[in-house]
Each structure stands twice: as C-alpha cells, then as structure tokens.
There are 2 protein chains.
Amino acid sequence: MMTCPVPSTETERVLLGHGSGGQLSARLLAEVILPGVGGAGGPLEDAALVGTDLVMSTDSFVVDPLFFPGGDIGTLAVHGTVNDLAMRGAMPLALSVALVLEEGLPLETLRRVVTSIGRAARDAGVPVVTGDTKVVGHGAVDRVFITTTGVGRTHPDGCPSAAAIRPGDAVLLSGPIGAHGVTVLSARAGLGFESDDTDLASDTQPLHRLVAAMLEAGGPAVHALRDPTRGGVASALNELAAASQVGVTLEEAAVPVRPAVAAACEMLGLDALHVANEGCCLAFVDPAHADEVLAAMRAEPAGRDAVRVGEATGVRPGRVTMRTLLGAHRIVDMLVGEQLPRIC
Amino acid sequence: MMTCPVPSTETERVLLGHGSGGQLSARLLAEVILPGVGGAGGPLEDAALVGTDLVMSTDSFVVDPLFFPGGDIGTLAVHGTVNDLAMRGAMPLALSVALVLEEGLPLETLRRVVTSIGRAARDAGVPVVTGDTKVVGHGAVDRVFITTTGVGRTHPDGCPSAAAIRPGDAVLLSGPIGAHGVTVLSARAGLGFESDDTDLASDTQPLHRLVAAMLEAGGPAVHALRDPTRGGVASALNELAAASQVGVTLEEAAVPVRPAVAAACEMLGLDALHVANEGCCLAFVDPAHADEVLAAMRAEPAGRDAVRVGEATGVRPGRVTMRTLLGAHRIVDMLVGEQLPRIC
C-alpha cells in the first residue's frame, strides 16, 4: 500500500517571498510565527490595541539602496511606523529606533541616516524617545537595518478596523500608486528611470494628519484604512476583503498612476497594483459620507489627488475584481512570491 | 606654516566597539546618533517615559550562536526588553517583535526561535501584540535578527532613575555575574566550557517581578536600577556614577562570580566585571532601607543570591573603584573597544 509523504518543515527554508507582503508572507505568519508567539495574547496585527486607547506598531526597514529619490531608509523608518499607527486611527505619541550597523559602515552614511530620521520625526511631530545600536561584523548585515516602533493614542472620532467594512462602502485612494516601488527598484538597478528629467520619486510621507482630517470629517463612517506598502494595492485590498468578508470592485479607469510610473512598470513588467507605496492610503467609507471624507482628503497635502476607485460588495466575499478600461472584469490577486525584495 | 589637520568623519567608519556598550558606544551615541535624531524630543535612554506613566524600550538582538545553554535569541529578545522596562520601575504591558530573516534560513530554526519568544513572553506574563517580518537575500543578514520593543506602566511605589543616586547609597547586586557572556562566547567558539559537566549557562531571565518586590519593600528608597548587559557591571556602574555624579566603591570580596565562570574568564583573559549579564540587576538604595530591599530580593527566585557589593560616595564623582581582595584600590573602568561582539 502506498503511503502519502508526511509534509515536513525540516527541509523547508525561508524564501524571499516570505517577506513580500503577499501570499507567502500570510502563510508564514499563519503557519509558523503566530503559532509560536501568538499564544500569549491574540493575533499579531500591523498595529495593535494595548489597553483601551493605546496603539502599538513595529516595522523593520531593510531597503536597498539606502538613499533614493524622494527619501531614504531613515524617512521610511519614521513614515512607515507613523502610517501603521494612523491606519488604526491612532495619532503617534512616541517612536523608538533600533539600529543594526555593519562594521565598516562609513560614519558619514550613518550620520545621513540618523539626521534623516530626526528630520522626518520632527516633521511628523513625533519624538524619538528611545533607541538601541548594535554593531555586527562585516558581512553579517548589509550596511544598516532600522526597526522603528511607535505608540499612539486612538482618535476620539473613530477606530477603523480591517474587519469593519460593509457592502456598499466606497473605496477611496489618497493619491497615485506605484511610485515608491519603481523608484527604489530603478535606483537599485541603476536603470535611471528616476533621473532628474522624470518625476519618478518615492511617495514616502506621513499620513497621520490626512487620517485625522478624514476622521474629523467622517468619524465612524470611516470603516477601514490601510496603507498599501509591500504587495501594493492589490494585496492590501485582498487582505481587507478577507478580513471583512466582502467583495471589492475596482474601476481601472479611476486608479491613478503617474505617467512616469506607468512607463517604468511597463518596461519592468510590473503591475502597478502590486507595487509598494509608502505614502498612500486606502479607505473604506460609508457611501453616505464618502463625498465629505473625499473632500477632507483633498484639503490635505497628502490627499490632494484623492479619488474614489471602487466599492465593497456583498458578492464573492474575499474576492477583489477590477473593471478594466475595456469593460471586462479581471481578478486582482494577492502578490504571489516576491516581486521586489527589500523595497522598504 | 603648519596647519593642523581638521578632524574629519568622512573617512571614519563604524567599528565593532561602537556596539560594545562601552566607551565607543557612548561616543557614537553622543556624537552621531543623538545630534541626528535627538532634536525631536530629548535624550535617548534605554527606557523612556512617554507621558506620565508609560515607559517604552527597544533592543535589537543579534546574538551568535542563536542557541546556547540557558537560552537562545528568542528568550534574550523577551527578557532584554522586559528588563529594560523594569530598570525604570515599569511593569510590561505589551511587546512587539520584528524579525529580519535571511533567505534560506531553515523554517525549523525560525519555528524554534518564535516558539521560544512565545514561551518566554507567556512566562513573563506579557503579550506579544504586534510584529513584522522581513526577508533579505542570502548574505544580507546572518540568519535572524530580532528587535523587540516593550511598553510598560510605571510602578506606583517608585520610579528609579540613573540620575537619582545619593552618596551613601548601598549598592546591591541580584546574583552572580558574568555567566551570559562567557557562555555565549564559549558556545560560539566551541570551547566546551559550557558542557554538561560544568554549571555554565546564561543567566537570561526576566527581572520585572524582582523589581516589583524591591519597589514594594523599598518604594522611593530604591534610587536607581540597572541591568548590567553589554559592557558588564563595570560599564553599568560607570554610567550610573556619571549620571548621578557620585563615586562608587565596590568590595571585590563581595562580588559573586560562580567558579565555572571565574575559571572560564581566567582562561579567556576576561574580567568578569566587563562580561555581559542578562538576568542580573544592580540597585542603589538608601542605606536605611537596604536590608529590607535585600531581604525582598532574596525572597524572589531571580534574587535569591542577592548581595550588598559596595556603596556610593561623595568623593571623585563619576569614578568607580574597587577594594581588591588584597586591600588595594583599583579603578574600575568602562569597557573600551569590543570585548565580546554579538553577545546579545
């Protein structure tokens, strides 16, 4: 009698795709990380409630190259964590910064990075209150990795959650997508797409003021927020659709992509919906209040190009589809594997 | 006319010693990191107050090897952050865990590490509420680095501070020193000092329950607490002496070092006072309450071998000296350079 081979993890290894923010990331989290650490206190979320009004979020930054048009690892480290807090409707109170440095890193590089952290933190109005610095031997880390953690306080006007979307909700997007991912990829590969004669630059920016304006305008009508970083808009929408058990329909014609980004995606064979953003926000809003929230977004610098891009539906829960320019419908899937490693 | 060369940082590089916890670390912090990030909100401390009653602390863990007698990178990552909170008198509320993984890491290794994180967190009674996972290419990080951040609430009975020591304070030490550093070094080098026939194992353990007992016994008489990790007891005492502008005198005969640790230090040419600990606590306590606090320490598992090892003085502020077994006095300096890289 044949026996089926028992699946074994002993020979399995970590793949780049496990860090993509897509399907493999979700599996690693569900099958390895959560069973290991999660027993202590519930699910591991991007930003978690602590007690009744505190929110905590952490992110490691391993972007390559360290510096790129529109930002650097230091600005990302501040904005990424501020934005994760903001997506739970929390305003940042304090940041911590942990540095792992490679022996031999020029001090001038470190100085540029920490100065950038300081400037980004001041611009966002959040203090860096504590930190740590480790140095490891040459070759044990690639130059500098940064982990920032933020604590914030929930906003009195609402506490958006990935699980709170209802059929009929309008899907709002704060601005054009794909800029961060293609800029970093182009800078890394020396492709020159991000040269001075294009407007290709990372969109990295803090979103907490935009979110505050949205909550002031819409309050509890703002059901869910998500910044589509690794895995892009496609992965973020799939996660939200699954968490709230709704369908999502996008209008391709409404999704803004800058010409330089579209051209770079075309040449690199990338779908802009899968490309990472660091200064965009998706919102699911009660349709009765969507116009007010959209107007509030457009009044903020981080949301001046905000648009309505689709809606949540009651059909095919967990499924994201897009009505294309030609009127056909296609499935918008989560990113599978790794498209752009070390994008943040 | 000769001109003096202008000191330049352009050619300076990060050294292993910059991560030692000793003099070079202090200089890197003061000259590069704080000027860069510190403008936002005051000094960067091991654990910082946020608002009136929250404390936040972060640490990256890069220990090599990942597993060693008495613990592993996962237990260190939990205990290290819990202990940094405890040294400010704070009881942990929540932890975040950020993982940076090397492509190709066996999933089984990852599973062991995260299971260890989960167990240590449950044992300490603190939930892991949020996290992040990044994967970088083979060679861009050595297997797995972990950054844990903790938030805690200050204890109602006291808020010890590095700057609150007064001349005359008793110096208490919770137990024998040097075990963590020599165990990790021995395991890394395959020296076998940590084999089954010795009692050499890391002292890694959470100290927040010990600290709670000390604060309940001594309240505001507990002036300062410090866990002597990187740089050891010597560096911790120098930092405290400088922060409070007091002298510190140690009694060599009173400082407990287990025979196996002493023998390993002897063979490796290490001073146990400079070796890292992960489950020890130094306390400066008003002498009128020192006996009560010492008794409370001894009633806790983490403090059963607690002893009084010296006192703070008003002479030679910032200077730490030790009365040796022979009755002579020697200066106990901060660690210079790097003695044991990647010890935590």
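Springs join every pair of Cα atoms under 10 Å in this Gaussian network model of chain B, and among B:Val315, B:Val78, B:Val14 the largest mean-square fluctuation is at B:Val14. Note that the range A:262-334 shows a convex hull volume over its alpha carbon atoms of 136 Å³ per residue. Sequence-ordered 3J(HN,Hα) estimates for the range B:199-209 from the Karplus curve with 6.51, -1.76 and 1.60 and θ = phi - 60° stand at 9, 7, 8, 4, 8, 3, 6, x, 10, 5, 6 Hz, glycine and proline given as x.
Once you charge only the Cβ atoms, +1 for Lys and Arg and -1 for Asp and Glu, what is the size of the charge dipole of the range B:165-246 about its Cα centre, to the nearest 20 debye? Walk me through the intermediate numbers first.
Details: 5 positive and 9 negative charges, 76 e Å.
Roughly 360 debye for the range B:165-246.
The Cβ shell under 15 Å around A:Ala328 holds other residues with a net charge of 0, Lys and Arg each +1, Asp and Glu each -1. Take every pair of alpha-carbon atoms less than 8 Å apart whose residues are at least six positions apart; their mean separation over the length of the range B:194-317 yields a relative contact order of 43 percent. Remark on chain B: Rg and Dmax equal 19.9, 71 Å (Cα only). Dipole check for the range A:102-226: with +1 at the C-beta of Lys and Arg, -1 at the C-beta of Asp and Glu, and the Cα centre as origin, the magnitude is about 400 Debye.
If a spin label sat at a point 7 angstrom from the Cα of B:Ile331 along the line to its beta carbon, the backbone N atoms of the range B:16-30 nearer than 15 Å would be those of B:23. Under a Gaussian network description of chain A, with springs only between Cα atoms under 10 Å, the residue in A:Asn277, A:Asn83, A:Asn238 that fluctuates furthest is A:Asn238. For A:Val246, the residues 5 or more places off, or on other chains, whose built amide H falls under 5 Å of its own are A:Gly318.
State, to one decimal in nm², a quarter of the convex hull surface area for the C-alpha atoms of the range A:133-253, i.e. the direction-averaged projected area.
On the way: hull surface 45.0 nm².
So the Cα hull casts an average projection of 11.3 nm².
Farthest towards the positive end of the charge dipole of chain A, among the residues A:Gln245, A:His180, A:Pro287, is the Cα of A:Gln245, using unit charges on the Cβ of Lys, Arg, Asp and Glu. When Rg and Dmax are taken over the Cα atoms of the range A:126-186, they come to 19.2, 54 Å. With its label point defined 7 Å out from Cα along the Cα-to-Cβ axis, A:Asp53 lies at 1.2 nm from the matching points of the other copies, in increasing order. Distances between copies at A:Glu292, taken between label points 7 Å from Cα along the C-beta direction, are 5.8 nm in increasing order. With neighbours defined as other Cβ atoms within 10 Å of a residue's Cβ, the residues B:Cys265, A:Cys159 order from fewest to most as A:Cys159, B:Cys265. Could you please state, rounded to a whole Å, how far the C-alpha centre of the range A:232-258 is from the C-alpha centre of the range B:124-180? So the two Cα centres are separated by 40 Å. If a spin label sat at a point 7 angstrom from the Cα of B:Glu12 along the line to its beta carbon, the backbone N atoms of the range A:97-137 nearer than 15 Å would be those of A:104-115.
Treating each Cα of the protein assembly as shown as an identical point scatterer and summing with the Debye formula, the log10 of I(q)/I(0) at q = 0.07, 0.09 Å⁻¹ comes to -0.48, -0.76. Projecting the Cα positions of A:Ala140, A:Gly118, A:Thr130 onto the charge dipole of the range A:101-143 (unit charges on Cβ atoms of Lys, Arg, Asp and Glu, taken about the Cα centre) puts A:Gly118 furthest along the positive direction.
GNM remark for chain B: springs join alpha carbons under 10 Å apart, and the peak mean-square fluctuation among B:Leu76, B:Leu34, B:Leu16 falls on B:Leu34. Among residues other than B:Pro287 with Cβ under 13 Å from its Cβ, the summed charge is -3 (Lys and Arg +1, Asp and Glu -1).
Which value, in debye to the nearest 20, describes the size of the charge dipole of chain B about its Cα centre when Lys and Arg Cβ atoms bear +1, Asp and Glu Cβ atoms bear -1, and nothing else is charged? List each step's numbers first, then the result.
Details: 24 positive and 39 negative charges, 54 e Å.
Computed charge dipole of chain B: roughly 260 debye.
Add +1 for every Lys or Arg and -1 for every Asp or Glu among the other residues with Cβ under 14 Å from the Cβ of A:Pro206, and state the total. Display every interim value, and only then the final one.
Numbers: positive: A:Arg119, A:Arg122, A:Arg209; negative: A:Asp59, A:Asp84, A:Asp123, A:Asp203, A:Asp227, A:Glu278, A:Glu300.
Local net charge: -4.
Please say if the range B:8-139 is rounded, prolate or oblate, where rounded means a/c under 1.5 for a ≥ b ≥ c the square roots of the C-alpha gyration tensor eigenvalues, and otherwise the choice is prolate for a/b larger than b/c and oblate otherwise? It comes out oblate by the Cα gyration axes. Here is how far apart the A:Arg330 label points are across copies: 7.4 nm, shortest first, using a point 7 Å from Cα toward Cβ. Have a look at the DSSP beta bridges in chain A and tell me what percent are antiparallel, nearest 5. Just about 80 percent of them are antiparallel.
Take A:Leu191 and B:Ala163, extend 7 Å from each Cα along the Cα→Cβ direction, and tell me the distance between the two endpoints in nm. A separation of 5.1 nm, rounded to one decimal place. Considering every alpha-carbon pair of the range B:196-344, the percent of pairs per 5 Å bin, from zero through the bin containing the longest distance, is 2, 9, 17, 22, 22, 17, 9, 3, 0, 0.
Quick note: the coordinates plus some simple rules give every number you see, no bench work behind them. If you're wondering where the values come from, they're calculated on a predicted model, not measured in any experiment. All Cβ positions, glycine included, derive from the backbone under ideal geometry; neighbour counts span all protein chains shown.
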